[in-house]
Amino acid sequence: MAKVLIVDDSETQLYSLTKIVEGAGHEVVTANNGEEGVKKAIAEIPDLILMDVVMPGLNGFQATRKISKDKTTANVPVIFVTTKDQETDRIWGMRQGASAYITKPVDKSTLIDAMNKALNG
């Protein structure tokens, strides 16, 4: 069982992603914005982070950069889960060090496959 941090400003998305992740047998920690996501990532040191991009304040790209630069969380894989579906967004997300880039609405099997790849190296 892995500890998965889900960072999203939408309660609906947090709920649906939590259901998928818990259904796959993992523990879930949540954060409602990028700033809280960075703090929880450092405090909890999750095995994987699911990161929204469009959030008030610190967006997902900025939060991921902070997480990847902190020595305690630098090796935690991040999967972007976002409504931003342009190819430039996907390229930029992968340049931030993401393991995968998934667009909403989330396909459960696609998310679980990406999570398994990220968690198993």
Sequence-separation-based contact order of the chain, relative, with Cα cut under 8 Å and 6+ spacing, percent: 23
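Multiply the residue gap between T12 and T88 by 0.36 nm, knock off their C-alpha separation, and tell me the result in nm, one decimal place. Intermediate results must be reported in sequence, preceding the final value.
Values: separation 76, 0.36 × 76 = 27.36 nm, distance 2.63 nm.
Computed gain between T12 and T88 is 24.7 nm.
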CD proxy at 222 nm, helix term only [per DSSP H run n ≥ 4: -39500 (n - 2.57); per residue of the chain; nearest 500]: -14000 deg cm²/dmol
Per-peptide average of other Cβ atoms within 10 Å, ordering 49-56, 95-102, 77-84 highest first: 49-56, 77-84, 95-102
Whichever lysines have a C-alpha closer than 17 Å to that of K84, once near sequence neighbours (fewer than 8 apart) are set aside: K104
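Every read-out reported here was derived from the displayed coordinates using simple, explicitly stated rules and does not represent laboratory data. Not measured: the values here are computed from a predicted model. Using ideal geometry, Cβ is built from the backbone for each residue, glycine included, and neighbour counts are taken over all protein chains shown.
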